Amino acid sequence: MTTEPIDLDGDDDEAGVAHPLFHDAPKSVAFAKLRKRLVRQTRAALDDFGMVRPGDRWLVCLSGGKDSYALLAMLLDLKWRGLLPVDLLACNLDQAQPGFPQDVLPSFFDGIGMPYRIERQDTYSVVVSKVPAGRTYCALCSRLRRGHLYRVAREEGCQAVVLGHHREDILETFFMNLFHGGKLAAMPPKLVNDEGDLFVLRPLAYAAEDDIARFSQLMEFPIIPCDLCGSQEGLQRNQVKAMLADWERKSPGRKDVMLKALGNANPSHLLDRGLFDFAGLDLGR
C-alpha cells in the first residue's frame, strides 16, 4: 500500500467521488475529523501488520453491530480511494436467534451496491442446549461461528476472514488471559488459522470503541443487537471493560499506552523461559 496522506477535509462526498455509503454522511467538521482518524488508524494497522496482499479476496464479517458496520465503512473508503487492492465480500452469519430481523442487512447491502452472502445456520439452538445454566455462551458460540465463517470463506474463494475487533477488544482479551487464563496473550491483528489456509485480520486494532460507536451512530447504521451474549449479566469481560473504562477516566490516554505496550514486549524482563534463556545468562557477557 502507498502512504499518501488521506484528505477528507474537502467536499469529496458527492456522488461519484465518495463511496455510496457516505453520500448521506454528516457534513460537519467534527464528523470529518472522526472519519479521518478511523481511516488513518485502519490504514496504519493494515500497513503495520502486512495485512494486504494485492488481488486477494476478503470475507468481511458483518454481525449487524456497530463494530462490523464501521469496519466495512473503513474498508470501502480505502478501496474507493484506490488504497486497498483487494476484493471485498460481505458476509452475515444468521445464527437463527429468535426475532433476528433477516431483512435488515440484505437491504443495507443492496442499498450501497455491496456484494454479500447471508449464511443461515442455527447455532443459537446448539449453544442454548449445550451450555449449562449460569455459564456464558461466548466460547462455544464463537467456535461454532468461526467454523462456519471459515467454511464460507473457502467456498467463496477468499484468502482472509476480516473481523471488527477494536482496541478495547484486544485490551480486554489481554486482561482476561492475565486474570483468568494465566498467560500473556491478546487478539493478534493478523493470524493464520489452525488449518493454515486462511488469514484472520482485524483492521480496527488501533481504533477506539468510543470513536467507532460515535461514527456508527452518526452514520445511522441499522444496528442489530446480539440477544445471545448480550442477554447475560455479570460476564467477566464486562467486569474487565468496566475496569479499563475506570482507569481511562482517571488517567486519560492509558488505553493507548497499554496498547503500545503490547507491541513493545521485553522477554528478558518477564518469566517465560521459552522466550529467554535465563539459565544461559552469565557474568561478563
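The values are calculated or read from the model by the stated rules, or taken from the named source; none is laboratory data. These figures come from a predicted structure and were not determined experimentally. FYI the Cβ positions are ideal-geometry reconstructions off the backbone, even for glycines, and counts take in every protein chain you see. To get the accessible areas, we keep the full protein, side chains included, count just its heavy atoms, and leave off ligands, DNA and RNA. Shrake-Rupley method; radii C 1.70, N 1.55, O 1.52, S 1.80 Å.
Which FRET efficiency value, to the nearest 0.05, do you get for Lys183 and Ala30 by plugging their Cβ-Cβ distance into 1/(1 + (r/R0)^6) with R0 = 51 Å? If you can, show how the numbers build up before the last one.
On the way: r = 41 Å, r/R0 = 0.80.
It comes out at approximately 0.80.
What nm distance separates the two modelled labels at Gln102 and Arg117, each placed 7 Å from Cα along Cα→Cβ?
Going from the Gln102 label point to the Arg117 one covers 1.9 nm.
Decide, for the stretch 81-206, between rounded, prolate and oblate: order the square roots of the alpha carbon gyration tensor eigenvalues as a ≥ b ≥ c, take rounded if a/c falls under 1.5, and otherwise choose prolate if a/b is larger than b/c, else oblate.
Details: a/c = 1.78, a/b = 1.15, b/c = 1.55.
It is oblate, given that a/c is not under 1.5 and a/b is not larger than b/c.
Residue separation times 0.36 nm, minus the C-alpha to C-alpha distance between Glu220 and Arg151: what's the value?
Numbers: separation 69, 0.36 × 69 = 24.84 nm, distance 3.13 nm.
Stretched fully, the Glu220-Arg151 segment lengthens by 21.7 nm.
Per residue of the stretch 173-185, in order, report the coupling 6.51 cos²θ - 1.76 cosθ + 1.60 (Karplus, θ = phi - 60°) as ³J(HN,Hα) in whole Hz, putting x for Gly and Pro.
5, 4, 6, 4, 5, 5, 7, 10, x, x, 8, 9, 7
How many lysine pairs in the stretch 150-264, separated by 8 or more positions in sequence or lying on different chains, have Cα atoms less than 19 Å apart?
Working: Lys183/Lys241; Lys183/Lys260; Lys190/Lys260; Lys241/Lys250; Lys241/Lys255; Lys241/Lys260; Lys250/Lys260.
Within the stretch 150-264, the lysine pair count is 7.
Send over a whole-number figure in Å² for the accessible area per residue of the chain, probe 1.4 Å. Before the final figure, lay out the partial values.
Details: 15230 Å² over 285 residues.
On a per-residue basis, 53 Å².
Evaluate the distance, in nm, between pseudo-label points positioned 7 Å from the Cα of Val128 and of Leu271 along their respective Cα→Cβ axes.
Result: 4.4 nm between the two label points.
Starting from the Cα gyration tensor of the stretch 147-285, take the square roots of the eigenvalues, sort them a ≥ b ≥ c, and report rounded, prolate or oblate (rounded when a/c is under 1.5, otherwise prolate if a/b is larger than b/c, else oblate). Write down the numbers at each step before the final one.
Numbers: a/c = 2.09, a/b = 1.33, b/c = 1.57.
In terms of gyration-tensor shape, oblate.
Can you send over the carbon and sulfur percentage of the accessible area for the chain, probe radius 1.4 Å, protein chains only? Numbers along the way, then the final one.
Values: 8010 of 15230 Å².
Solvent-exposed carbon and sulfur of the chain make up 53 percent of the total.
Using the Karplus equation 6.51 cos²θ - 1.76 cosθ + 1.60 (θ = phi - 60°), what ³J(HN,Hα) coupling, rounded to whole Hz, does each residue of the stretch 113-119 give in order, writing x for Gly and Pro?
Result, rounded to whole Hz: x, 9, x, 7, 9, 9, 10.
Amide H neighbours of Ala160 under 5 Å, counting only residues 5+ apart in sequence or on other chains, H built in-plane at 1.01 Å?
Placed amide hydrogens put Arg57, Leu59, Phe199 under 5 Å from Ala160.
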